[in-house]
Amino acid sequence: MRTAFIGSNSLTVATAELLLGDGHEVIIVERERERIDALSERLDAGFVHGDGTSPVVLRDAEPENTDVLFCLLESDQTNILAALIGRSLGFSRVVPRVNERQFQHITDELGLEDAVLPNQAVASHLRALLVGEKSLELSSVIRDDAAVFSFTVGDDDAGSVQDLDLPERTRIVCLYRGERFRLPEETRRIKPGDEVIVICAHEQLDKLHRRWGGPSNGA
């Protein structure tokens, strides 16, 4: 997989190192020549010298040959602008970093569905650590008459999460858009192709199967 990054802050470098370690190709767009010189000794990555919000510069990153463009700078406005420019140039997937809540609804309205919220994710993780929570395999916590069911959203189901007509005693646990995990509160609208995971009373499985016919995993 070929990935491109705008800027070279600590988050970009840490992510690039992981991707390079997994054998992926990495391109970093950086405006400071001295920074490129320093990183080229540390990272086995390609570099493009210039402003990542410039269409001319971003074209040098070969959007047609790149799977993902990451925009992980400290400025939310810059990340959103760079993501929009990248999308217009043909990057198949753009991932802007958004730190402030006031910009989160903007990314939704602009269709930047892969925006990442690192501050919120870290805060949630730290809160979980504080109270001693740990990740658990689903099979170890689903008991009694509970069951898990998954289905793929069709055109008729697309729309607001709140408007999805689910049977009684059925709740959305999470959904996947592509390979990205999302919680219900992080997504205002579901789209065709989304995979929705619900937890329900076992008695509701027949209704879910009749409607969606998707795979289920009861316990």
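The values are calculated or read from the model by the stated rules, or taken from the named source; none is laboratory data. Keep in mind that this is a model prediction, so the values were computed, not measured. Reconstructed Cβ throughout: ideal geometry from the backbone, glycine too, with neighbour counts over all protein chains shown. Keep in mind that these areas ignore ligands, DNA and RNA; they rest on the heavy atoms of the full protein, side chains included. Shrake-Rupley method; radii C 1.70, N 1.55, O 1.52, S 1.80 Å.
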When the range 163-177 is checked residue by residue, the ones that are loosely packed, with under 13 Cβ neighbours inside 10 Å and either free of Cβ contacts under 8 Å to residues at least 24 places away in the same chain or not in a loop (DSSP other than H, G, I, E, B) (or both) are Asp163, Asp165, Arg171
Being open to solvent by 30 Å² or more (accessible area, probe 1.4 Å) and β-branched (Val, Ile, Thr) narrows Ile199, Ile190 down to just Ile199
Pairs please, first residue from the range 98-111 and open to solvent by less than 40 Å² (accessible area, probe 1.4 Å), second anywhere and of a type in the set (Ser, Thr, Tyr), Cβ atoms under 7 Å, 6+ apart in sequence or on different chains. Val98/Thr107
Residue that is of a type in the set (D, E, K, R), modelled with pLDDT under 85, under 30 Å from Thr15 (Cβ atoms) and touching a His at 6+ places or on another chain (Cβ under 9 Å), where the choices are Arg188, Arg180: Arg188
In the set Leu129, Leu112, Leu73, Leu58, which member is of a type in the set (A, V, I, L, M, F, W, C), at pLDDT 85 or above and not in a loop (DSSP other than H, G, I, E, B)? Leu58
Do you know which of the residues in the range 25-80 that are of a type in the set (Asp, Glu) and within 15 Å of Leu11 (Cβ to Cβ) is surrounded by the fewest Cβ atoms within 10 Å (Cβ to Cβ)? Glu74
Just the residues that are more than 17 Å from Ser75 (Cα to Cα) and either part of a loop (DSSP other than H, G, I, E, B) or open to solvent by less than 10 Å² (accessible area, probe 1.4 Å) (or both), please, taken from the range 1-17. Met1, Thr3, Ala4, Ala16
Scanning for something part of a loop (DSSP other than H, G, I, E, B), at pLDDT 95 or above and among the polar types (S, T, N, Q), does the range 80-101 turn up at least one residue? no
Do any residues in the range 185-201 that are at negative phi and of a type in the set (D, E, K, R) have Cβ atoms under 9 Å from those of residues that are part of a strand (DSSP E or B) and open to solvent by 70 Å² or more (accessible area, probe 1.4 Å), where the two are at least six apart or on different chains, and which pairs are they? Asp194/Thr152; Asp194/Tyr176; Glu195/Thr152; Glu195/Tyr176
